[in-house]
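The values are calculated or read from the model by the stated rules, or taken from the named source; none is laboratory data. Values in this document were obtained by computation on a predicted structure and should not be read as measured data. We place every Cβ from the backbone using ideal geometry, glycine too, and count neighbours over all the protein chains shown. Surface areas here come from the heavy atoms of the whole protein model, side chains and all, with no ligands, DNA or RNA. Shrake-Rupley method; radii C 1.70, N 1.55, O 1.52, S 1.80 Å.
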Amino acid sequence: MSGNVNMSDLGGVINELARADLLNDLKNKLQNLSRHHTEMLERLSPDVKKRVEVLREIQACSHLLNLLFCNCDLNYYNFITHGSICFSAPMGLAAGFASVLQKLECHLMFMGHHDELEAKFFEERAALEAKYQKLYQPLYAKRYDIVNGVGEANGTTDEAAMDQGEDKAAEEKGVPDFWLNAMKNNEVLSEEITERDEGALKYLRDIKWYRIEEPKGFKLEFYFDTNLYFKNTVLTKTYHMIDEDEPILEKAIGTEIEWYPGKCLTQKLLKKKPKKGSKNAKQITKTEDCESFFNFFNPPQVPDDDEDIDEDAAEELQNQMEQDYDIGSTIRDKIIPHAVSWFTGEAIQGDELEGMEEHKEMGSKVRGLQNASSSRFE
């Protein structure tokens, strides 16, 4: 028996075992999430549970509109890029220098025509998106009414709640903590929300977004009830894009929050006792910046003069801007259209499955690289 060990085979076995362990972990996590989803619904009162069911029906209608939009988007792109263009097969490389020039000229013509069509596609897509954005609005308005108790879901009335007493009626109005729980169930946003933030986010009534044209970008609006933390009833965050389709962020603009005295969540008060023997016997107090979701409304800013910032600081600033954009796009693309699924926890499972598929893809690529590396030395 040979004592040599095939390291490629061993590496493959280890990778397969690691992958199997990861898949088992993800499977167990999905089962736990499913139980969490069921337990969360069971904790809701009958009235609130009925309202959530109606919200799920409204969101299903929104999903249908989104599918229609995506289908129109794809069909239009296929038509303008392929429907009316027919190019002959390229000539062989042995045809000489003249053929090379001819192919280059054809290629440049193709690229110019393709760019014109692509620009038209983006223009038409923006118009189509604006059209469907209007179609979503009645569904979002109905969701707002149910979440905030403005219009009760089918089969539930304020009279039923009043039978249990006025305090109970006030408690069960709408769907309590809807937006807070929807955001906490998202992995990106949950890392930004501290325990101190939760008290203020309970007053969040709605989140909306709008596309802006000059300059290109989008705007988020957060609507709050009157609360004990700040005077603002609307907090906004605007993203200006250099290239919206890439996307490349130019800058972000937030809202200056008007905090009530002693209620600022983005700073904490530190108290220090005076040193022994100090003439000043009073406590020393100072404020210090701290982690908070509400830092989202005070985004990192690019200095006017690039020479004022060194390479390390520039890299850190870029990372901060990327993280800030990730939060904003998550709210726009995931939370606002699928808020009900995030509230119930169903969307978490979808994100986990998506992550599992990405891991499978990455595993295939890694195995392909391993096979290619092994063949080079055989």
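What the table below lists for this structure:
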quantity	calculated
Count - residues of region 191-209 that are free of Cβ contacts under 8 Å to residues at least 60 places away in the same chain and of a type in the set (Phe, Trp, Tyr)	1
Residue within region 310-322 that is over 14 Å from the mean Cα position of the chain (by Cα), part of a loop (DSSP other than H, G, I, E, B) and at pLDDT below 95 present	yes
Out of Asn371, Asn298, sole residue that is modelled with pLDDT of 95 or more, open to solvent by 40 Å² or more (accessible area, probe 1.4 Å), farther than 24 Å from Ser62 by Cα and touching a Ser or Thr at 6+ places or on another chain (Cβ under 9 Å)	Asn298
All positions within region 182-197 that are outside any loop (DSSP other than H, G, I, E, B) and open to solvent by 50 Å² or more (accessible area, probe 1.4 Å)	Lys184, Glu187, Glu195, Arg196
Residue ID - farthest from Asn181 (Cα to Cα), chosen from residues in region 205-219 that are open to solvent by 60 Å² or more (accessible area, probe 1.4 Å) and in a loop (DSSP other than H, G, I, E, B)	Glu214
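Matching residues to (1) closer than 30 Å to Pro138 by Cβ; (2) under 19 Å from the mean Cα position of the chain (by Cα); (3) of a type outside the set (Gly, Ala, Ser); (4) modelled with pLDDT under 95:
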position	(1), (2), (3), (4)
Ala182	yes, yes, no, no
Leu189	yes, yes, yes, no
Ala200	yes, no, no, no
Asp225	yes, no, yes, no
Phe230	no, no, yes, no
Lys251	no, yes, yes, yes
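Conditions tested, residue by residue: (1) modelled with pLDDT of 90 or more; (2) open to solvent by less than 50 Å² (accessible area, probe 1.4 Å).
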{"residue": "Glu221", "(1), (2)": "yes, yes"}
{"residue": "Lys237", "(1), (2)": "yes, yes"}
{"residue": "Pro247", "(1), (2)": "no, no"}
{"residue": "Trp259", "(1), (2)": "yes, no"}
{"residue": "Lys272", "(1), (2)": "no, no"}
